[in-house]
């Protein structure tokens with residue numbers, strides 16, 4: 001993966017600002033940074049998903065683990081992010097996230113663009 005000193009943030013994020021809390025925005029921007037901020041040298045494509053631990057979220061955002069967990073739940077509910085477990089299965093509920101060994105996060109660009117265009 002190649003690191004770039006900037007990250008393109010999809011315009012739809014700015015359209016959603018009135019509907020996002022401060023905590024949700026911080027978590028969402030970190031997910032975007034960890035995916036759209038990296039590009040595979042061979043395929044020249046951005047990461048689709050990235051493994052992000054709650055500890056990493058806490059370190060990078062300055063938020064508590066509980067606030068991060070609540071923000072993730074709300075972002076899933078708003079269909080702004082997709083979360084998968086280590087087996088590649090999409091997880092929707094807090095209990096499923098707790099049971100997973102690793103969680104992989106992605107910004108749900110397709111769904112958010114469809115909602116905005118309606």
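A single entry from 44, 55 fulfils the requirement of being outside any helix (DSSP H, G or I), over 15 Å from residue 107 (Cβ atoms) and out of contact with any strand residue (DSSP E or B) (no Cβ under 7 Å at 6 or more places or on another chain): 44. I'd like to know if region 72-79 contains one or more residues that are in a strand (DSSP E or B), in contact with a strand residue (DSSP E or B) (Cβ under 9 Å, 6 or more places away or on another chain), touching a residue at least 24 places away in the same chain (Cβ under 8 Å) and over 18 Å from residue 10 (Cβ atoms). Within region 72-79, none of the residues are in a strand (DSSP E or B), in contact with a strand residue (DSSP E or B) (Cβ under 9 Å, 6 or more places away or on another chain), touching a residue at least 24 places away in the same chain (Cβ under 8 Å) and over 18 Å from residue 10 (Cβ atoms).
If you check 4, 22, 16 for being more than 24 Å from residue 86 (Cα to Cα) and modelled with pLDDT under 85, only one passes: 4.
Given the criterion within 18 Å of residue 103 (Cα to Cα) and within 14 Å of the chain's Cα centre (by Cα), identify the matching residue among 65, 26, 59.
26
For residue 46, the stated conditions hold: it is under 20 Å from residue 8 (Cα atoms) and in contact with a helix residue (DSSP H, G or I) (Cβ under 6 Å, 6 or more places away or on another chain). State which residue is modelled with the highest pLDDT when the search covers only region 100-118 and only residues that are more than 19 Å from residue 33 (Cβ to Cβ) and assigned to a helix (DSSP H, G or I). Among residues in region 100-118 that are more than 19 Å from residue 33 (Cβ to Cβ) and assigned to a helix (DSSP H, G or I), the one modelled with the highest pLDDT is 110.
The values are calculated or read from the model by the stated rules, or taken from the named source; none is laboratory data. Bear in mind that the values here come from a model prediction, so they are computed numbers and not experimental data. Virtual Cβ from ideal backbone geometry, glycine too; neighbours counted across all protein chains shown.
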